[in-house]
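Data block below; observations after.
The values are calculated or read from the model by the stated rules, or taken from the named source; none is laboratory data. Quick caveat, the model's predicted, so the values are computed rather than measured. Reconstructed Cβ throughout: ideal geometry from the backbone, glycine too, with neighbour counts over all protein chains shown. These accessible areas exclude ligands, DNA and RNA; they are computed on the full protein's heavy atoms, side chains included. Shrake-Rupley method; radii C 1.70, N 1.55, O 1.52, S 1.80 Å.
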Amino acid sequence: MRALSIVLLAALGGILGSLAVPRIERALRPAPEPVVVAPRGDLAADERSTVALFQAASPSVVSISTTARGMFGRGVEVPRGSGSGLIWDAVGHVVTNAHVIEGATSASVQLADGRAFRARLVGQDRRHDLAVLKIDGLDLRPLPVGTSADLAVGQKVFAIGNPFGLDQSLTTGVVSALGRDVPGEAGITIRGAIQTDAAINPGNSGGPLLDSAGRLIGVNTAIYSPSGASAGIGFAVPVDAVARVVPQLVARGRYRPPAIGISGDPRADAMLRASGQAPGVMVLDVVPGGPADRAGIEPAQVTARGVIPGDVIEAVDGVPVAGLDGLLAQLDRRAVGDAVTLRVRSGRRTRDVEVALVEAE
């Protein structure tokens, strides 16, 4: 028994000795030298500008979450999607994309400071992919609104939004191109979009595109990407269109574009081109007493022997229009009350007529 105790003590002593050696070695090692942090100095001027821009604009950018009633379970709301938005005014109107709230039965808006509000839909216009929500919040900071008519390819732009649910993300880039026509949902084409290489990903939709002064110049709406993630080709609805559409959505819940009081049909325009005639808009009808009627524009006539073509609108203020969609796009860049000059073709004769735009019925 004593011999066994001696053996155990010897073994224990060996174990303790082996544990003590590393401790002694560690004690003899020199203390690690502190990491020397090199002085950074001031941020570059463009970095300071970007930091200041984000700090000023981010409180005006919101996160939007939507739900829809599930197929199973009466009244059960299930998450549908998310996107971004921007505070339009101090009374709580929030601008986002129409496709962000499409199909939703409810939406919530979360501010940069973490406050969340139930939102109600005020109005939407799918043609421009814009929608307005309303929240009841205090101390809301709207974004300053700029212009898009004077944008130049190459100038810096900044996008703020919530890509993939990562809120308050900033990306930078330049204006890559202007006046792009972007295919939207349900076959609707968004006209005159701003193209940018600032990274725009799912979740950025509805967020602001800013210029270097921190002004709103566009609402991010779409990307071109084979993978579904940013490929450096993003698009934004220009702010000049936003400034025309949003006030009408706030006031009446829908947008009525400027009009000249005619009706047409893209199929008739296609038949016109197929017959070898110069492209334009075949006037199928005029509104009695409307601008076109007062200007003497004649519509096509349907007789027993077929359709007798009337006037064809070839251009608006010197800009050629190949069909009804092009005409509407040109009119949409103007405001109610503006006067435009139409080049009208009657047979082989052309003439210029001036009409004042009215609100579409």
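Contact map, the stretch 38-67: residues that are at positive phi paired with residues that are crowded, with 21+ Cβ neighbours inside 10 Å, Cβ distance under 7 Å, separation 6+ or inter-chain. No pairs are found.
Scan the stretch 293-314 residue by residue and report those that are open to solvent by less than 70 Å² (accessible area, probe 1.4 Å), in a loop (DSSP other than H, G, I, E, B) and under 15 Å from GLU354 (Cα atoms). Residues satisfying the conditions are ALA295, GLY296, ILE297, ASP311. Please go through the stretch 249-265 and pick out each residue that is aliphatic (A, V, I, L, M) and open to solvent by less than 30 Å² (accessible area, probe 1.4 Å). Within the stretch 249-265, LEU249, ALA259, ILE260 qualify.
Based on what the data block shows, is LYS134 of a type outside the set (A, V, I, L, M), touching a His at 6+ places or on another chain (Cβ under 7 Å) and open to solvent by 20 Å² or more (accessible area, probe 1.4 Å)? Yes, satisfied.
Quick check: anything in the stretch 148-164 more than 18 Å from GLY218 (Cβ to Cβ) and touching a residue at least 40 places away in the same chain (Cβ under 8 Å)? No - not one qualifying residue is present in the stretch 148-164.
If we keep just the residues of the stretch 92-118 that are of a type in the set (A, V, I, L, M, F, W, C) and out of contact with any helix residue (DSSP H, G or I) (no Cβ under 9 Å at 6 or more places or on another chain), which is nearest to ALA68 (Cα to Cα)? Give the steps one after another, and end with the answer.
Of the stretch 92-118, the ones of a type in the set (A, V, I, L, M, F, W, C) are 94-95, 98, 100-101, 104, 107, 109, 111-112, 116-117.
Narrowing the set further to residues that are out of contact with any helix residue (DSSP H, G or I) (no Cβ under 9 Å at 6 or more places or on another chain) leaves 94, 100-101, 104, 109, 116-117.
Details: VAL94: 20, VAL100: 12, ILE101: 10, ALA104: 5, VAL109: 15, ALA116: 18, PHE117: 17 Å.
It comes out as ALA104.
Every residue, every condition in (1) in contact with a Pro (Cβ under 9 Å, 6 or more places away or on another chain); (2) open to solvent by 20 Å² or more (accessible area, probe 1.4 Å); (3) among the small types (Gly, Ala, Ser), yes or no:
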| site | (1), (2), (3) |
| --- | --- |
| PRO39 | no, yes, no |
| SER63 | no, yes, yes |
| SER84 | yes, no, yes |
| THR96 | no, no, no |
| VAL100 | no, no, no |
| ASP113 | yes, yes, no |
| LEU138 | no, yes, no |
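Restricting the search to the stretch 146-173, which residues are open to solvent by 50 Å² or more (accessible area, probe 1.4 Å), of a type outside the set (Gly, Ala, Ser) and farther than 30 Å from ARG80 by Cα? Passing the criteria: THR147, ASP150, VAL153, GLN155, LYS156.
Check ILE200, ILE223 and return the single one that is within 15 Å of VAL157 (Cβ to Cβ), without any contact (Cβ under 8 Å) to a residue 60 or more places away in the chain, within 12 Å of the chain's Cα centre (by Cα) and open to solvent by 50 Å² or more (accessible area, probe 1.4 Å). Spell out how you get there, then give the answer.
Working: ILE200 fails: open to solvent by 50 Å² or more (accessible area, probe 1.4 Å).
So the residue among ILE200, ILE223 that is within 15 Å of VAL157 (Cβ to Cβ), without any contact (Cβ under 8 Å) to a residue 60 or more places away in the chain, within 12 Å of the chain's Cα centre (by Cα) and open to solvent by 50 Å² or more (accessible area, probe 1.4 Å) is ILE223.
I'd like the residue in the stretch 320-353 that is hydrophobic (A, V, I, L, M, F, W, C), modelled with pLDDT under 90 and assigned to a helix (DSSP H, G or I) and, out of all such residues, is least open to solvent (accessible area, probe 1.4 Å). Here the answer is ALA329.
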